[in-house]
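Only one structure is covered here, and it is reproduced in the block below.
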Amino acid sequence: MDIVVDGLRRLEYRGYDSAGIAVIGDGELLMEKRAGKLANLEKALTIHAGTTGIGHTRWATHGGPTDRNAHPHLSADNRIAVIHNGIIENFARLRAALEADGVEFASDTDTEVVAHLLAMENVPLPEAMRRVCLKLEGAFTLLAVAADQPDMVVGARRNSPLVVGRGDGENFLASDVTAFIDHTREAIELGQDQVVVITPSSIEIMDFAGVPTTGTDFHIDWDAAAAEKGGFDHFMLKEIADQPQAIADTLLGRLTENGIALDEVRLSDQDLRDVEKVFIVACGTAYHSGMVAKYAIEHWTRIPCEVELASEFRYRDPILDRSTLVIAISQSGETMDTLMALRHAKQQNARVLAICNTNGSTIPRESDAVLYTHGGPEIAVASTKAFLTQLVACYLMGLYLAQVRGIMYPDEVGAVVQQLQQTPDLLRGLLDQMDGVRKLSRDLASARQVLFIGRHVGYPVALEGALKLKELAYMHAEGFAAGELKHGPIALIDDGTPVICVVPSSAMHDKVVSNIQEVRARGARTIIIAEEGDESVEAYADDVIRVPRVPTLLAPLMTTVPLQILACEIATARGYDVDQPRNLAKSVTVE
């Protein structure tokens with residue numbers, strides 16, 4: 001019980017609204033589950049016996065966040081317990097058929113269908129799981145235990161994460177290695193449509209057809225301490241502070257005497273020379289990193305680049321072919337919208353490259369190439385270091401394309417990489433100078449709304465700053481391309497409206513200053529993020545936040561950080577949970 005509950009605690013960062021556990025002891029299933037936080041479950045627990053158990057934190061899809069809908073779910077004979085991530089799309093038909101056979105349901109969930117189907121198979125649990133999976137449609141990870149098979153946990157995955165932890169006299173299944181990192185660093189990544197059976201001494205993997213197969217072994221190269229707060233009040237604050245080292249880790253070993261080196265490139269140089277168009281697909285914060293990447297990729301490679309929300313990509317029937325490179329960006333590597341966009345691209349014969357933080361996850365595994373960010377675990381739901389490391393990875397990918405296509409010479413590529421290698425030290429200095437931002441955050445905590453404006457790469461930064469404030473402080477916040485103000489959004493400005501302005505050092509500088517004057521003339525409180533030495537903005541600013549001067553394309557690595565701290569501190573001042581914002585999950589594994 002303690003091991004399962006501790007594993008659930010380590011997965012709290014994914015977001016959830018109920019929790020439950022089932023343990024096999026003395027030949028029977030002992031179960032407890034509660035709506036709300038894990039602490040509610042812990043207060044109710046009386047289970048102590050048993051050496052086999054499963055636990056789950058649920059984010060409601062089918063049925064509200066109540067005790068009865070919390071996982072695990074039991075079969076009608078109380079013999080089998082099931083937990084489930086994802087959505088079973090044909091559950092309504094399956095439920096109707098079961099109810100017609102006299103089965104009574106105890107919840108509103110799609111998951112309970114699986115428990116009853118498993119019990120009706122009347123075969124050993126691994127075979128029952130395999131048969132039932134063939135009847136299911138949708139995306140799912142399933143774990144099941146049976147009272148009459150006490151030394152076994154059976155899992156299955158389709159389009160949803162599941163990883164095996166290989167221990168000594170104990171084995172584990174989890175949606176993230178974080179859950180079992182205290183017990184083992186040896187893991188196995190599972191393939192699509194596979195069933196896995198673990199006992200204390202064995203791991204057996206088969207496909208849904210029953211054919212024995214194997215997974216891919218990998219070693220987890222970070223330890224449990226990396227997933228702890230490290231003395232910070234919140235994981236998010238720790239992860240903001242981790243960003244200089246995270247960027248350094250993303251860059252580590254990338255520059256060779258021949259130029260950029262990537263992780264796994266199953267694309268030839270000729271494949272990349274044949275690319276005539278680039279699409280970037282991503283969601284949320286990753287989408288904003290892709291918007292920055294567009295500027296860099298087009299500038300360095302002269303290849304047309306489009307950025308698409310992954311959730312919209314395949315539904316507009318994009319024109320893709322073998323000359324198209326699709327770059328899929330995902331921190332977890334399991335983002336369902338991005339995964340489905342990737343699969344659509346593969347069906348259209350496009351080449352796919354993944355930018356990801358999670359080794360062995362589905363998106364890298366199904367891509368033609370992968371560039372890992374090596375950012376380490378990110379526990380807070382709102383991404384910070386994931387965003388900056390994605391930016392660095394996108395820059396590297398743009399440089400790699402330019403190098404392979406002969407647009408940039410190796411020494412030119414090396415010069416940009418050297419500029420990137422200077423950013424960790426610049427960021428450390430910036431983070432030491434954020435007291436003014438923290439004070440400003442307390443001043444803004446009572447604001448009704450906050451607006452963000454920027455141009456060029458400052459526009460995606462404005463969008464990201466607004467997103468962070470929405471996620472953490474539940475405030476109305478909007479980001480705009482500064483040139484669009486006069487086309488409508490300026491109507492939102494009245495006396496005292498805080499407007500955060502990201503000012504570049506590029507040729508766009510004077511135009512952004514003109515936009516600042518427009519909002520200031522209408523009563524806005526102007527908060528300007530400007531580079532050190534830019535004195536021209538002082539006359540138009542109520543507050544100035546200084547960042548180090550870097551080349552224009554790299555500026556988001558600096559200008560984003562004060563906005564992360566601003567959102568975190570405003571949320572704290574308003575009394576909100578920074579690490580686990582309401583209604584949000586870390587890994588979005590449903591469409």
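Across the options 278, 539, 75, the greatest Cα extent toward the positive end of the charge dipole of the chain (unit charges at beta carbon of Lys, Arg, Asp, Glu) belongs to 539. The overall shape of segment 232-428, judged from the alpha-carbon gyration tensor, is oblate: a/c is not under 1.5, and a/b is no greater than b/c. Coupling constants for segment 537-544 follow from the phi torsions by the Karplus curve (6.51 cos²θ - 1.76 cosθ + 1.60, θ = phi - 60°), and in residue order they are 8, 4, 5, 10, 10, 7, 9, 10 Hz; glycine and proline get x. Calculated from the alpha-carbon coordinates, the chain shows an Rg and a Dmax of 25.1, 78 Å respectively. How far is helix 336-347 tilted, in degrees, relative to the longest principal axis of the Cα atoms in the chain, given as a value from 0 to 90 rounded to the nearest 10? Helix 336-347 and the main axis of the chain meet at about 90 degrees.
Near residue 136: Cβ cut-off under 14 Å, other residues only, Lys/Arg at +1 and Asp/Glu at -1. The net charge is +1. Residues whose amide H comes within less than 5 Å of that of residue 547, counting only those at least five positions distant or on another chain, are 530, 531, 532 (H built at 1.01 Å from N in the peptide plane). Once backbone amide H atoms are built at 1.01 Å from N, residue 207 has 195, 213 as its partners under 5 Å, excluding neighbours fewer than 5 places away on the same chain. Modelled spin labels at residue 214 and residue 312, positioned 7 Å past Cα toward Cβ, are 4.5 nm from each other.
Placing pseudo-labels 7 Å out from each Cα toward the beta carbon at residue 170 and residue 348 gives an inter-label distance of 4.8 nm. Put simply, the C-alpha atoms of segment 205-325 give a gyration tensor, and the ellipsoid matching it has half-axes of 30, 25, 20 Å, longest first. Using the rule -39500 (n - 2.57) for each DSSP H run of four or more residues, divided by the residues of the chain, the 222 nm mean residue ellipticity is -10500 deg cm²/dmol.
For the chain, the Cβ-based charge dipole about the Cα centre amounts to some 1180 debye (Lys, Arg positive; Asp, Glu negative; other atoms uncharged). Anisotropy class assigned to segment 280-336 is oblate, per the alpha carbon gyration tensor with a/c at or over the 1.5 cut-off and a/b no larger than b/c.
Bridging of residue 43 to lysines at a Cα separation below 20 Å is possible for 33, once same-chain residues fewer than 8 apart are set aside.
Restricting to the chain, what percent of DSSP beta bridges are antiparallel, rounded to 5?
If we restrict to bridges inside the chain, about 60 percent are antiparallel.
Once the chain from residue 487 to residue 48 is taken as fully extended at 0.36 nm per residue, the excess over their C-alpha distance is 151.6 nm. Bridgeable aspartates and glutamates around residue 294 (alpha carbons under 13 Å apart, same-chain partners fewer than 8 residues away excluded): 306, 308. Between residue 422 and residue 96, the contour length at 0.36 nm per residue exceeds the alpha carbon distance by 111.2 nm.
Length gained on full extension, residue 538 to residue 202, computed as 0.36 nm times the residue gap minus the Cα-Cα distance: 114.3 nm. On the basis of the beta-carbon distance and an R0 of 25 Å, residue 39 and residue 576 show a calculated FRET efficiency of 0.90. Whole-Hz Karplus values for segment 490-499 come out as 4, 5, 6, 7, 9, 4, x, 4, x, 10 Hz, taken residue by residue from phi with 6.51 cos²θ - 1.76 cosθ + 1.60 and θ = phi - 60°; glycine and proline positions read x.
Using the Cβ-Cβ distance between residue 66 and residue 415 with R0 set to 60 Å, the FRET efficiency from 1/(1 + (r/R0)^6) comes to roughly 0.55.
None of the figures in this text is laboratory data; all of them are computed from the coordinates on show. Please read these numbers as outputs of a predicted model, since none were measured by experiment. Here the Cβ is made from the backbone with ideal geometry for all residues, glycine too, and neighbour counts use every protein chain on show.
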